[in-house]
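Everything on this sheet refers to the single structure shown next.
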C-alpha cells in the first residue's frame, strides 16, 4: 500500500509489516492531517477568513518549525502563547484568489482516425513489385 500525503514528504511506503500496525500508522497520519486542518481553521477564524484561503503546505511547515520550541518548554503557561503565535503565523499564509483560465479545458483530439499498427500487422502490407521500365535516349542526329 502506497499512500501519498503531504505530511509524508518522502512519499514512502508504510513502514509497518503487521496489519494491526499498518492500521495504527494510517490512523496516525489521519490524526496528524486533522490536527493541521483544525489549526488552519482556528487561524482562519482568528483572521476572519475562509479556511480554504490558507495554505496547507505552509501551515505544515510552520507547525514543523514550532514543534521543537513547544517541546523544549513543558510549562503550561506558555502553551497558549505558542498556540497564538502558530495561529498568527498560519493566518499570514493566505493563498491569492484563483485567476480565470486563459485556455479552457478540452478533450484532446486523437492524432489519427485509424487504429495504431500492432506487431501482428507487420509484413501484411502491399506486396513489393519489380518495376519494369526502359530508358529512352533521343537519337543523335
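Computed from the coordinates by the stated procedures, all read-outs in this text should not be read as laboratory data. Predicted, not measured: the structure shown is a model, and the values here were computed from it. Cβ atoms come from the backbone with ideal geometry, glycine included; neighbour counts cover every protein chain shown.
Per-peptide packing, taken as the mean over residues of other Cβ atoms within 10 Å, places 103-110, 52-59 in the sequence 52-59, 103-110 from highest down.
With N counted as the residues of the chain, its alpha-carbon radius of gyration over 2.2 N^0.38 Å works out to 2.25. Is the shape of segment 47-126 best called rounded, prolate or oblate, per the rule: a/c under 1.5 gives rounded, else a/b larger than b/c gives prolate, else oblate, with a ≥ b ≥ c the square roots of the Cα gyration tensor eigenvalues? Judged from the Cα gyration tensor, segment 47-126 comes out oblate (a/c at least 1.5, b/c at or above a/b). Annotation: peptides 67-79, 83-95, ranked by per-residue average of other Cβ atoms within 10 Å with the highest first, follow the order 83-95, 67-79.
Modelled spin-label separation between residue 102 and residue 57, with each label point placed 7 Å from Cα along the Cα-to-Cβ direction: 2.2 nm. With both labels modelled 7 Å from their Cα along Cα-to-Cβ, the residue 139 to residue 73 distance reads 11.6 nm. The Cα center of segment 15-58 and the Cα center of segment 66-127 differ in position by 16 Å.
Scoring 113-120, 131-138 by mean Cβ neighbours within 10 Å over their residues and listing the highest first yields 113-120, 131-138.
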